[in-house]
1. Viscosity 1.306 mPa s, temperature 10 °C: give me the Stokes-Einstein translational D for region 36-107 in µm²/s, with Rh taken as the Kirkwood radius over C-alpha pairs.
2. For region 474-605, report the % of Cα-Cα distances exceeding 20 Å.
3. Please give the length that would be gained between residue 130 and residue 575 if that part of the chain were fully extended, namely 0.36 nm times their separation in residues minus their C-alpha to C-alpha distance (nm, one decimal).
4. By how many degrees, between 0 and 90 and to the nearest 10, does the Cα long axis of helix 3-41 differ from the longest principal axis of the chain?
5. If you project the alpha carbons of region 89-215 onto the principal axes, what extent comes out on each, in Å, largest first?
6. Obtain the nm distance between the two label points defined at residue 538 and residue 184 by a simple spin-label model: each point lies 7 Å from its Cα along the Cα-to-C-beta direction.
7. Between residue 425 and residue 564, what's the calculated FRET efficiency when r is the beta-carbon distance and R0 is 56 Å? Round to 0.05.
8. Using 0.36 nm per residue of separation minus the Cα-Cα distance, give me the extension gain between residue 374 and residue 76 in nm, one decimal.
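Here, each number is a calculation from the coordinates, and none is a lab measurement. No experiment lies behind these values; they were computed from the predicted model shown. Ideal geometry is used to build each Cβ from the backbone, glycine not excepted, and the neighbour counts take in all protein chains shown.
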Ligand code: H79
């Protein structure tokens, strides 16, 4: 072989190999750059604004149940009728600076607004479709231009929601089954994707300055190629613009939790949850079920404590006004943020993968923030922090007066505890933040530990899942940390945990209602075995029944159900392994065994 040819071959081989190797790593580096501001931000405003704000939940004098922006679908309104709303849409009270000021005062760092929702109406001046706010309404202004500029002026990031798959206005779009039969073979999604979706996404990426993120939604059965095409278009046109997880097929820049779902488990990844201030996204005149400022602050802290971003929605009216009830609550959240923002912005999630009954933890290098939703009546103790705490103080106390504390390590059982003496009253009834300043890098025991109140919680999201040899595992843990598809009694779970205070415990199994609290399935027969008992105890057996309800205020849409299974003696400070095996599972409703956690709660004697 000629020498130059050999060189050329080696050279080609090298660039081939290096290109292949550099691909994903390069993407990671780009993603790290794009997402830095977002991790710092933690808190954003979502805005659902469109023609649906006009009917505001009512059609032909009838209240239409469900989320407001779905009215066209829920009331099966023909395109020819729904379209007419545009002629009346004239939001004369719209003021971009005012909206941005509401977000800014709340402590939000970014805004994401609907450029086009499932109804197909563009809320910006589109050249691709005349069905848009500039051409089809008497308003004739492009409010998105005004908002993008106002946000920029105020130092907030700005992005767009875009419904890429559902478009109920288009014959070839997805979702409108009342104007055109669903399985009409002439309907061609690819045609809609090429002629409307892609050109409109290009418009929003090029007409409004650099975007912070594009928030796609309900990918449905869109192909991976299509998802990738959208991601590529976003990054090509706007290299610093993020793409949310709902672009579909797992190719976004970060994961999206389900609507109003606060993910559970041990999160190191980047994720975001969209949450409604009441129960709707788009304005509905009869939805007065507003979350209190306390719930909002706690959700924000809980999401940050799980390493996520909180995208909180407002639904302005057809006149262009953010409802006063929303503005008031956001202002209260802002007051809390003005004092406690340090415990949210730029923090990472808790190093401990489980929840606490008292609140949540966020961390920064050298600092631990304890978010106390419930203020303890006596001393407050936390287990598992191995690093020495230099000082502890209330974040709301500008003088940082040191709190009395005692930090101990019981060598015999390798148990770390920290106890603080707190003032009698909480600095803030919503969430009082205690700061622990640590010496050096934080080191935690992040196994499952008995808690200072004596209880032990074994969350489904942290258990081992086992399927029989050779069988495909159906059971999975959903984004809320709840077991789903657990219908096969041959699948089972186990947990290892440690106790520090022996005693007798009630064993309680917590399951979740599903379908937005509309349904639950019980009657499963379960067996619990604990390894490490001395003397060895008998296995417990019981039925998953609706013994009590647990309403978790920071997770209002999915109440939990408690089932009491029996009592057990854990009479040593030691490690145990608990195994949960169903004998039978009721699955007629296809919900099955929706396990949230197994709890061991000290009996009072
Ligand atoms: O934009 C908001 C929602 O409109 C959108 N995501 C958030 C951010 C969304 N699209 N689809 N879904 C949420 C799932 C919708 C389910 C339901 Fe229904 C709509 C439940 C009640 C109305 C469809 C119609 C399923 C049952 C009836």
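1. For these conditions, the coefficient is 108 µm²/s.
2. 44
3. 153.5 nm
4. Once rounded, the angle reads 80 degrees.
5. Principal extents (largest minus smallest coordinate, Cα): 50, 29, 24 Å.
6. 6.6
7. Step by step, r from the Cβ atoms, then E = 0.95.
8. Here the segment from residue 374 to residue 76 would lengthen by 102.7 nm.
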